[in-house]
Amino acid sequence: MHPFAYLAPTTVKEAVEVLNKYGDKARPLAGGTDLLVKARANVWDLDAVVDVKNIPELNKINFDSEGLTIGASVACCHIYENEQICDEYEGIVDAASIIGGIQIQSRAGLGGNLCNGAPSADGICPLIVNNAIAIIEGPNGKREVSVDDFCTGPSKTILENGELLVSIFLPKPKENFGSAYTRFIPRNEMDIAVAAVAASVKLSPDKNIIEDAKIALASVGPTPIVAEDAAKSLIGGTISDELINNAASLAKNAATPITDMRGTIEQRKDLVEVLTRRMITKSIERARG
Amino acid sequence: MAIVFVPYALRKYCEDKNIVEISATNLGELIDNLEIRYPGTKAHIIEDGAIKPGVAAVVNHTTNRKGLLEKIDDDSEIHFINAVSGGIY
Amino acid sequence: MVATFEPKKDYKVVGTRPIRHDGYDKVTGKAIYGADFKLPGLIWGAVARSPHAHANIISIDTSEAEKMDGVLAVITHKDMPKAESKMVDLGEGSVNFKWASEKLMANKKVIYKGHPVAAIAAIDRNIAEEAARKIIVKYEILESVTNVVDAMKENAPIILEDLIGDDLGEKVHDTNMSEHIRHDFGDVEKSMKDSDHTFEGEFNMEMVHQGYIEPHNATAVWNEDDQIKIWTSTQGAFPARTQIAGILQVNVSQVKVTPLEIGGGFGGKIPVYFEPIAAILSKKSGRPVKMVMERTAIFETTGPTPGGKIKIKLGVNNDMKINSAISEIWFEAGANPGGMIGPAAMCIYAPYNIENMRIDACDILVNKPKIAAYRAPGSPQVAFAMESLIDELCDNLDWNSLDFRMKNASKSGTRRGDGVRFSKIGLEEVLSAAKASNHWNSPLGNPLPGIKRGRGLATGYWFNIGLKSAANLAVNSDGTVILTEGSTDIGGSRASMAMHVAEVLGIDAHDVKPNIVDTDSIGFTDVTGGSRTTYATGYACWEAANNLVNELKKRASILWDVNSEEISFNDGVFSHNNEEKIISFKDLASKLGDLGGPATSTGSVDLSSAGDGFGMHIVDVDIDVETGKTDVIRYTAIQDVGTAIHPSYVEGQLQGGAVQGIGWALNEEYYMLNDGSMANSSFLDYRMPTSLDLPKIDTILVEVPNPLHPYGVRGVGEVPICPPIPAIANAIKNAIGVRLYDTPMNAGRIIDSLR
Amino acid sequence: MSSSKINKVQISTKINGQDYDLLIPPYMSLLDTLREIVGLTGTKEGCLDGNCGACTVNVDGRIVDSCLVLGPEVNGKDVNTVEGMATPEGLHPLQQAFLEEAALQCGICTPGFLVSAKGLLDNEPSPSEERIRHWLAGNLCRCTGYDKIIKAVQKASK
């Protein structure tokens, strides 16, 4: 591993300054579960690692009237141990409780998962279906980016050198909203998704019509995929097996997987269909309460 | 006489038989007598005065541990098979 | 003649469950494993490895690495002692030291990905690893082959130019096939033709790894007097010494190997990897050198057990008897010869009494790591093929597969595939226990909607080896006994060794203090492997204990001034003349100071076999028919264990073996890319089972004592990895109605089979 | 760049209840800090990428893979390892249960399992079998098939 310095700024400003100074030779350290693996595998030759866990904004979970703000270095365990998050953002909790094992969940968080930008990331699709916004600060100030647009390729994101993800904002769920996330893995834990699906729905007051929906797919393309056609097909529809199956089939069409050690194109596309059906159904169940 | 199960590779030296009977009191003598009766066999079993690397001599149920000195009885059966530990190193 | 023993029932120590002697150290973190060992002045070694699976080395430039601060030595193949290319018999196998040496440090070409090309010693591990990255090697990349079919093609690239293959006794040049053997008995062709029904199948398996959690490691000191000291986690200090001496071209007496605690091996820690390299780095740097292997390299360059192709054809008659069997086995050897075709041939038909049989088996080189032993090497593969085909024919002919197995079961006198007759075996008892088991007699129950449930069973066999072991005993004045032995304790064997001694001496298991010592401190002892340790080293302990009793009788004879032959010993008490004079073992021990001084004894054996072992496993699986996900929901392992010395650790062997087999069956594989590299060389993607992937593993210990051991011990460690793969294949078939012929039987394959 | 050009950093940390001031390379993992600097080798290296759990330690009440934590990150924190489980009065109930249930074979994964299981029982004294299996999924054992490990944790549960 290339020897690096350890820096632990206590303000966002300081962190941005130092990240900007080192350019691509520095990375923020939150959970470290991706960073240290990549440094050790010589994927990155870093001169500095910037531990961002001492910056208050990055460590906070905050609810207000608009929604929920999760600091970029908040670990998964703090997410699924938070009762209000468990009540309101079930799809997010689905993901937070299956990333790695308990040891990983003590450290890894959604912020790091997002910045790592893996096509198989468990955390990103649930953020997408919850309409999450990434709050970023950099040398040129603050900007907000929809998580839908955050990833640009395998391990590539819109983050520029010197920019720091500060937090993720999740709008307050509307009435009769439900979200869910699942992945297919050969083992029951400690595995990388062969294919994964997040879904969210907002139901009509009588809970029979889908008023809004969003579907996102992981591990079946170079980035998380927003399956727009599938979601659109649900909107305005009365809940039925046919409606759900049709959306699942459209989601399958949206998947652009490759064949690799984790699965084949055909297997992954089929899984998308199965998992989409299951996640829409689960979102509806949750929305109905 | 002891029964020798002829390894497939040696059957061409043994009139295509898969079993031959040889009398001997120990394994070394048996292999010598086998060579007298069926010339060409010994070189496949013995090298530098010992059983070849990779060959295991089985007397009755189990691999013998006394090499060429292993006692042979009249009702013994002898197999020459691949040494089990061939893959160890 | 080989001594035989009548089984006993009224043991005092054998069959109990004392806490293992090394347990306290291991649960408190005090035990010293290889990587925990430190010496004054210790420096670290690291290796530069080939990124290619097959390439000629054009040049190696070490100058940048040598310039780095903190680097103390750099070596390449030029620093490796040169050995002749010749097979050398080591007593327990054979080795070509030229190949063995070049496997550890490439000479003119690299033949597997990760093949070491240089090694560095530096003041710390990170500097050594960084220096390894600065070794510049120019390669001429060659086409690689990573499966047996490609390796046997007409124009396949040749991996070892100096290999002379043996094709049924004929020499072959320019080949990747190192050996083709055949066994045949009876008239296979005619009997096959005459059979009422014939069934055939081809089975393909991917290479898998032992997956021990502890990385390979070694610490070496090459002293100025050319005495070499090695501390390592090895399954056999003596076989390690033999290999190290051979590769370094020194006498065995110049090498002292101290076995430290070992974190799993399963056969994979019999070969040496870092030990000779660390020694040469020590010689060059003048410092003790420690090396610990990274996980990727462990997958890419150590261990695995062969994948390959197995074809079987069976002829059966309407009386439910197997009439004829023909099989062909092609196994990967890795990049050097010496795979597992011999044992595969021994095992393939072992559970069945078949009059007419033929086996062809080929050992084939591929650009993958040289395979090492892995728990019953060769047997799980052929069990998958044979036991799957047996179930297939039973399905087709509507026969109960357990009854079919009973009807054809091997017994004493049955010949296995290589022609050798079985001695006393317990297969029929195992099958009866399976038939009577709660699992077999329980209904399958109803799965959740969308899930299909199935049950499968299969047998497995391993022959269990004997070989050499030594043990020494010394009596303490407080009546305890020091036991010194040479079998590295990989799973609780210290306890069973101590129990062997305690049973003879009539003392408590904890009054015997077992110690595992270096190669200068005990007689030659073979590997902890082959399911031999409790059998052979236990036998040596038993012998040493009996010799100690005789020695102590002499001491009692001094005490009582009687003839020692008149003294008897029972239940820990020496007596003379119908108990007119008696003294306990402990009391006598306290008086030894005045009775001739310390009492010691030794035991030494060279045994032929640890008694053939058979098992049967029963498994229930749930399969999600939409995703192909398989969950093992119930599992029972039944096995003839001879006599269980410490039943807890015997059960543990059955459970651990079963779970390794479950992983092999469902997910584990070397997923190879076209460039000859392994794509999934991490624990993340290699996917060994976690605790959440498994149910309880129930065990049924069947005890048919082995007459070749004083307490009836049979080898137990390897049999349990043989049945799981076919048992799961049979359960999958039972659940979804489709049979899989390839491993791993992962979700993708299951879904494909349903399409 | 060689490591000698990177300045070492000073950290103050509590390990198994004992205060330590340590000078370490900034890129050194907590695992290596414990093993190489402090000399606590009970915590084992298995994979160095967070997939085996052999290096599990407890930091401020949470179990973590110490191979994925930098030494400097535990400045001011409370680290507990397998060496801190037993007291002068005796073994921790989990350690005792592991011995009695024969829940270890080679023992290399045992420290990680013990620290993980303690992390569970400290907060949930009576977990279900399913919960134990889920909690321990980040710890690989290749020897035992987990059966006896689960039994041992159940035995040490209340």
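Is region B:27-41 home to any residue that is in contact (Cβ under 8 Å) with a residue 24 or more places away in the chain, facing chain C (nearest Cβ under 9 Å) and not in a loop (DSSP other than H, G, I, E, B)?
Among the residues of region B:27-41, not one is in contact (Cβ under 8 Å) with a residue 24 or more places away in the chain, facing chain C (nearest Cβ under 9 Å) and not in a loop (DSSP other than H, G, I, E, B), which makes the answer no.
Suppose we filter D:E45, D:E73 for residues that are buried (at least 20 other Cβ atoms within 10 Å of the Cβ) and free of Cβ contacts under 8 Å to residues at least 24 places away in the same chain; which single one remains? Working first, answer last.
On the way: D:E73 fails: free of Cβ contacts under 8 Å to residues at least 24 places away in the same chain.
None of the others qualify; the one that does is D:E45.
Quick one: is C:M291 in contact with a His (Cβ under 9 Å, 6 or more places away or on another chain) and either over 23 Å from C:L365 (Cβ atoms) or assigned to a helix (DSSP H, G or I) (or both)?
yes
For region C:454-506, name all the residues that are assigned to a strand (DSSP E or B) and of a type in the set (D, E, K, R).
Step one: list which residues in region C:454-506 are assigned to a strand (DSSP E or B), which gives C:454-462, C:465-475, C:481-485.
The answer is C:R455, C:K468, C:E485.
Give me the pairs, please: first residue somewhere in region C:278-306 and under 30 Å from C:M672 (Cβ atoms), second residue anywhere and of a type in the set (D, E, K, R) and assigned to a loop (DSSP other than H, G, I, E, B), beta-carbon distance under 6 Å, and either six or more positions apart or on two chains.
C:E300/C:K113
So which strands (runs of 3 or more DSSP E) are wholly in region C:1-94 and hold at least 1 residues that are away from chain D (no Cβ under 14 Å) and crowded, with 22+ Cβ neighbours inside 10 Å? Steps first, answer last, please.
Details: elements: C:43-49, C:55-61, C:71-75, C:87-89.
Output list reads C:43-49, C:55-61, C:71-75.
Is it the case that D:L104 is crowded, with 24+ Cβ neighbours inside 10 Å and touching a strand residue (DSSP E or B) at 6+ places or on another chain (Cβ under 9 Å)?
It is false that D:L104 is crowded, with 24+ Cβ neighbours inside 10 Å and touching a strand residue (DSSP E or B) at 6+ places or on another chain (Cβ under 9 Å).
Quickly run through region C:248-296 and pick out the residues that are hydroxyl-bearing (S, T, Y) and more than 23 Å from the chain's Cα centre (by Cα).
Listed by number, the residues that qualify are C:S253, C:S282, C:S285.
Can you name the residue in region A:96-143 that is surrounded by fewer than 24 Cβ atoms within 10 Å (Cβ to Cβ) and of a type in the set (K, R) and is also farthest from A:V16 (Cα to Cα) among such residues?
So, considering only residues that are surrounded by fewer than 24 Cβ atoms within 10 Å (Cβ to Cβ) and of a type in the set (K, R), the one farthest from A:V16 (Cα to Cα) is A:R143.
Exactly one of (1) surrounded by 24 or more Cβ atoms within 10 Å (Cβ to Cβ); (2) within 14 Å of chain D (Cβ to nearest Cβ); (3) modelled with pLDDT of 95 or more is unmet by A:A195. Its number?
(2)
Please find, within region A:20-69, the residue that is farthest from the other protein chains (Cβ to nearest Cβ) out of those that are more than 25 Å from A:G91 (Cβ to Cβ) and among the acidic types (D, E).
Ranking the qualifying residues of region A:20-69, first place goes to A:D24.
Could you list, ordered by first residue, the pairs with Cβ atoms under 8 Å in which the first is in region A:144-169 and surrounded by 21 or more Cβ atoms within 10 Å (Cβ to Cβ) and the second is assigned to a helix (DSSP H, G or I) and small (G, A, S), at least 6 apart or interchain?
From region A:144-169, the pairs are A:L164/A:A15; A:L165/A:G111; A:S167/A:G111; A:I168/A:G111.
Among the listed residues D:N16, D:N7, identify the single one that is in contact with a Gly (Cβ under 7 Å, 6 or more places away or on another chain) and more than 7 Å from every other protein chain (Cβ to nearest Cβ).
Step by step, each of D:N16, D:N7 is checked, and only D:N16 is in contact with a Gly (Cβ under 7 Å, 6 or more places away or on another chain) and more than 7 Å from every other protein chain (Cβ to nearest Cβ).
Applying the selection to region B:53-86, what residues are within 7 Å of another protein chain (Cβ to nearest Cβ) and closer than 18 Å to C:V95 by Cα?
The answer is B:P53, B:G54, B:I81, B:N82, B:A83, B:V84, B:S85, B:G86.
Among (1) within 14 Å of chain B (Cβ to nearest Cβ); (2) of a type outside the set (D, E, K, R); (3) on the phi < 0 side of the Ramachandran plot, where does C:I390 come up short?
(1)
Checking the structure you have, find out if any residue of region C:220-236 is without any contact (Cβ under 8 Å) to a residue 12 or more places away in the chain, assigned to a helix (DSSP H, G or I), over 19 Å from D:G46 (Cα atoms) and in contact with a helix residue (DSSP H, G or I) (Cβ under 9 Å, 6 or more places away or on another chain).
No, region C:220-236 contains no residue that is without any contact (Cβ under 8 Å) to a residue 12 or more places away in the chain, assigned to a helix (DSSP H, G or I), over 19 Å from D:G46 (Cα atoms) and in contact with a helix residue (DSSP H, G or I) (Cβ under 9 Å, 6 or more places away or on another chain).
Quick one: in region A:48-93, which of the residues that are among the charged types (D, E, K, R) and part of a helix (DSSP H, G or I) is nearest to D:N123 (Cα to Cα)?
Looking at the filtered set, the residue picked out is A:E83.
Give me the residue from region C:22-72 that is acidic (D, E) and farther than 26 Å from C:S233 by Cα and, out of that set, modelled with the lowest pLDDT.
Step one: of region C:22-72, the residues acidic (D, E) are C:22, C:25, C:36, C:61, C:64, C:66, C:69.
From what is left, the residues that are farther than 26 Å from C:S233 by Cα are C:61, C:64, C:66, C:69.
Working: C:D61: 98, C:E64: 98, C:E66: 98, C:D69: 95.
It comes out as C:D69.
Of the residues D:C143, D:C52, D:C109, which is out of contact with any helix residue (DSSP H, G or I) (no Cβ under 7 Å at 6 or more places or on another chain), crowded, with 24+ Cβ neighbours inside 10 Å, within 13 Å of chain C (Cβ to nearest Cβ) and closer than 29 Å to C:G717 by Cα?
Values: D:C143 fails: out of contact with any helix residue (DSSP H, G or I) (no Cβ under 7 Å at 6 or more places or on another chain); D:C52 fails: out of contact with any helix residue (DSSP H, G or I) (no Cβ under 7 Å at 6 or more places or on another chain).
After ruling out the rest, the residue left standing is D:C109.
So which residues in region C:176-189 are out of contact with any Phe, Trp or Tyr (no Cβ under 6 Å at 6 or more places or on another chain) and either touching a residue at least 24 places away in the same chain (Cβ under 8 Å) or crowded, with 22+ Cβ neighbours inside 10 Å (or both), if there are any at all?
Passing the criteria: C:N176, C:M177, C:S178, C:E179, C:H180, C:I181, C:H183, C:D184, C:F185, C:G186, C:D187, C:V188.
Which residue pairs have Cβ atoms closer than 6 Å, lie 6 or more positions apart in sequence or on different chains, and pair a first residue in region A:256-267 that is without any contact (Cβ under 8 Å) to a residue 40 or more places away in the chain with a second residue that is outside any helix (DSSP H, G or I) and among the aliphatic types (A, V, I, L, M)?
Sorted first by the residue in region A:256-267, then by its partner, the pairs are A:M261/C:A679.
Against the definition (in the same structural domain as D:Y20 (by TED's automatic domain parsing) and part of a strand (DSSP E or B)), how does D:I63 come out, yes or no? Give the derivation first.
Working: in the same structural domain as D:Y20 (by TED's automatic domain parsing): yes; part of a strand (DSSP E or B): yes.
It is true that D:I63 is in the same structural domain as D:Y20 (by TED's automatic domain parsing) and part of a strand (DSSP E or B).
Can you tell me which residue within region C:482-520, out of those that are more than 14 Å from every other protein chain (Cβ to nearest Cβ) and over 30 Å from C:T242 (Cβ atoms), is surrounded by the fewest Cβ atoms within 10 Å (Cβ to Cβ)?
First pass over region C:482-520, keeping only residues more than 14 Å from every other protein chain (Cβ to nearest Cβ): C:482-486, C:497-498, C:500-508, C:511-515, C:517-520.
Narrowing the set further to residues that are over 30 Å from C:T242 (Cβ atoms) leaves C:502-508, C:511.
Numbers: C:A502: 25, C:E503: 24, C:V504: 24, C:L505: 26, C:G506: 20, C:I507: 24, C:D508: 17, C:D511: 20.
Filtering first and then ranking leaves C:D508.
Can you tell me which residue is surrounded by the fewest Cβ atoms within 10 Å (Cβ to Cβ) among those in region C:286-303 that are over 17 Å from C:A46 (Cβ atoms) and within 14 Å of chain D (Cβ to nearest Cβ)?
This residue is C:F299.
Can you tell me how many residues in region C:639-653 are of a type in the set (D, E) and away from chain D (no Cβ under 12 Å)?
Of the residues in region C:639-653, 1 are of a type in the set (D, E) and away from chain D (no Cβ under 12 Å).
Which residues, taken from region C:386-426, are among the acidic types (D, E), buried (at least 19 other Cβ atoms within 10 Å of the Cβ) and modelled with pLDDT of 95 or more?
Taking region C:386-426 first, the residues among the acidic types (D, E) are C:387, C:391-392, C:395, C:398, C:403, C:418.
With the extra rule that they be buried (at least 19 other Cβ atoms within 10 Å of the Cβ), the set shrinks to C:387, C:391-392, C:418.
If the condition is that a residue be among the acidic types (D, E), buried (at least 19 other Cβ atoms within 10 Å of the Cβ) and modelled with pLDDT of 95 or more, then C:E387, C:D391, C:E392 are the ones that fit.
The values are calculated or read from the model by the stated rules, or taken from the named source; none is laboratory data. Predicted model only: the values in this text are computed from it and were never measured. Every residue, glycine among them, receives a Cβ derived from its backbone with ideal geometry; neighbour counts consider all protein chains shown.
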